[in-house]
Amino acid sequence: MMAAIILVCSAVFFLQFFVWYCRSIIAVSAKQPLSPEVQDVTGIQRVASGTDFNRVMQLLQLCPERPEDRQGIQAIGAYFRMLSFVDATVARLVPSMKSWTDAERGHCTYFAAIALERRISFSRDMLAQQMDA
């Protein structure tokens with residue numbers, strides 16, 4: 001019985017830490033403006049929507065990967081899937097949870113758009129280095 005309690009508490013603490021970690025990553029990217037080029041490519045003008053996440057992630061996969069972005073993108077992808085699960089289950093019963101999950105999913109999309117902008121910039125830098133060599 002004690003082992004089950006420890007397991008449940010550990011899972012809850014891990015989930016809480018994971019949510020805080022993802023929200024801190026999102027908070028850092030929320031301060032950065034999107035360039036007009038990325039706004040045109042993604043279709044995000046002012047507020048990102050959770051429905052655009054998969055499309056932005058597909059665009060992100062087309063760009064060369066930056067090693068320093070890999071963990072953050074994977075974490076936000078998992079966070080987005082968790083939010084989608086909460087949106088499909090619990091949020092249907094609690095209306096205030098629905099608006100929160102929609103806003104958080106939009107923040108995840110904005111993070112992915114910022115990561116796309118970084119990858120585009122990285123690709124340009126790589127191309128410039130190859131042109132100089």
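The values are calculated or read from the model by the stated rules, or taken from the named source; none is laboratory data. Model, not experiment: these values are computed from the prediction. Counting neighbours? That spans all protein chains shown, and the Cβs are built from the backbone with ideal geometry, glycine included.
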Name the residue, out of 65, 37, 117, that is surrounded by fewer than 18 Cβ atoms within 10 Å (Cβ to Cβ) and within 24 Å of residue 21 (Cβ to Cβ). 65
Filter segment 32-68 down to residues that are under 13 Å from residue 111 (Cα atoms) and β-branched (Val, Ile, Thr) and give me whichever is modelled with the lowest pLDDT. 47
Which one of the conditions (1) free of Cβ contacts under 8 Å to residues at least 60 places away in the same chain; (2) within 21 Å of residue 20 (Cα to Cα); (3) surrounded by 14 or more Cβ atoms within 10 Å (Cβ to Cβ) does residue 60 fail to meet, given that it meets all the rest? (2)
Hey, can you tell me all the residues within segment 89-103 that are under 15 Å from the mean Cα position of the chain (by Cα) and either buried (at least 21 other Cβ atoms within 10 Å of the Cβ) or of a type in the set (Ser, Thr, Tyr) (or both)? 101
With the checklist (1) at pLDDT below 90; (2) surrounded by 18 or more Cβ atoms within 10 Å (Cβ to Cβ); (3) within 26 Å of residue 15 (Cα to Cα); (4) not aliphatic (A, V, I, L, M) in hand, flag the one item residue 71 doesn't pass. (2)
Does residue 49 count as farther than 23 Å from residue 19 by Cβ and among the small types (Gly, Ala, Ser)? no
Just checking, how many residues over segment 76-88 are surrounded by fewer than 16 Cβ atoms within 10 Å (Cβ to Cβ), aliphatic (A, V, I, L, M) and within 17 Å of the chain's Cα centre (by Cα)? 1
Restricting attention to segment 99-114, does a residue exist that is among the polar types (S, T, N, Q) and without any contact (Cβ under 8 Å) to a residue 12 or more places away in the chain? yes
